[in-house]
Amino acid sequence: MSLPADGGSDEHDGERSLVEDFGVHIGRTMGWPPMAGRAAGVLMLSETPLTLTQLQQALNASKGSVSETTRTLITSGTVERFKEAGSRQFVYRWRDDAWIGCLQHQLDQTTQLLAMAENNYDRGETFSPTQQERLRQMRDYYRFIVRRLDDLVTEYTAQWQQDRSEPSP
């Protein structure tokens, strides 16, 4: 994918617009810096894996910035890094199951928060009744969210697999 800075076709204008939209909206919503949102847009639109250098060019960014950005996207479950057969260079691509990866990442993070909440609830037995109640509410909240996210991962994964097995229109 190339995003030429000079005019370009309507297709490239649409790509640039989507990449910028990702930078502003998805990046902000996910808690990513705008560069990570833009890189997500570039990788989602790219039909082939991209090297770090190609990402740098598409994003007009430094190697360090793109390197940090790709780590963020890999951690979030949306991008994967690998070496193509016969190559010594890593490439990056949008995961086919990126939205499952994103949900799984949210579940993993929330599960960590649940463990913290349960630990703090157990440690709070000497706290005031108000403090204990707030710790209980936090624990119960994270229990609820973890259950729901786990159900969402399962449900969305099944839907995604079903959609992939059906012929395209």
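The values are calculated or read from the model by the stated rules, or taken from the named source; none is laboratory data. Quick caveat: nothing in here was measured; it's all calculated off a predicted structure. Neighbour counts run over all protein chains shown; Cβ positions are idealised from the backbone, glycine included. Keep in mind that these areas ignore ligands, DNA and RNA; they rest on the heavy atoms of the full protein, side chains included. Shrake-Rupley method; radii C 1.70, N 1.55, O 1.52, S 1.80 Å.
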* Asked: For the chain, what's the relative contact order in percent, using C-alpha pairs closer than 8 Å and at least 6 residues apart?
  -> 14
* Asked: How large is the accessible surface per residue of the chain, computed with a 1.4 Å probe and reported in Å² as a whole number?
  -> 64
* Structure fact -> For the chain, the longest principal axis of the Cα atoms and the Cα long axis of helix 63-75 enclose an angle in degrees, to the nearest 10, of 50
* Global geometry of the stretch 92-148, whether rounded, prolate or oblate, following the gyration tensor of its Cα atoms and the 1.5 cut on a/c -> prolate
* Cα lying deepest toward the dipole's positive end in the stretch 1-156, options 32, 141, 115, charges on Cβ -> 115
* Asked: Rounded to a whole number, what is D in µm²/s for the stretch 1-143 from Stokes-Einstein with the Kirkwood radius over alpha-carbon pairs (25 °C, 0.890 mPa s)?
  -> 142
* What shape does the stretch 59-169 have by the C-alpha gyration tensor, where a ≥ b ≥ c are the square roots of the eigenvalues, rounded means a/c under 1.5, and otherwise prolate means a/b greater than b/c and oblate the rest? -> oblate
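Suppose the chain between residue 87 and residue 75 were pulled fully straight at 0.36 nm per residue; how much longer would it get relative to their current alpha carbon spacing?
Going from the current span to full extension adds 2.0 nm.
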* Computed FRET value (nearest 0.05) for residue 164 with residue 109, which takes r as the C-beta separation and R₀ as 25 Å -> 0.45
* Structure fact -> Relative contact order of the stretch 33-94 (C-alpha contacts under 8 Å, at least 6 apart) in percent is 40
* Asked: Tell me, what HN-Hα J-couplings in whole Hz come from the Karplus equation 6.51 cos²θ - 1.76 cosθ + 1.60 at θ = phi - 60° for each residue of the stretch 40-45, using x for Gly and Pro?
  -> 4, x, 4, 5, 5, 7
* Structure fact -> Around residue 36 (Cβ within 11 Å, Cβ-to-Cβ, excluding residue 36; K/R +1, D/E -1) the net charge comes to +2
* To do: Could you list which residues have their amide H under 5 Å from that of residue 95, counting only those 5 or more apart in sequence or on another chain, with H placed in the peptide plane?
  => 79, 80
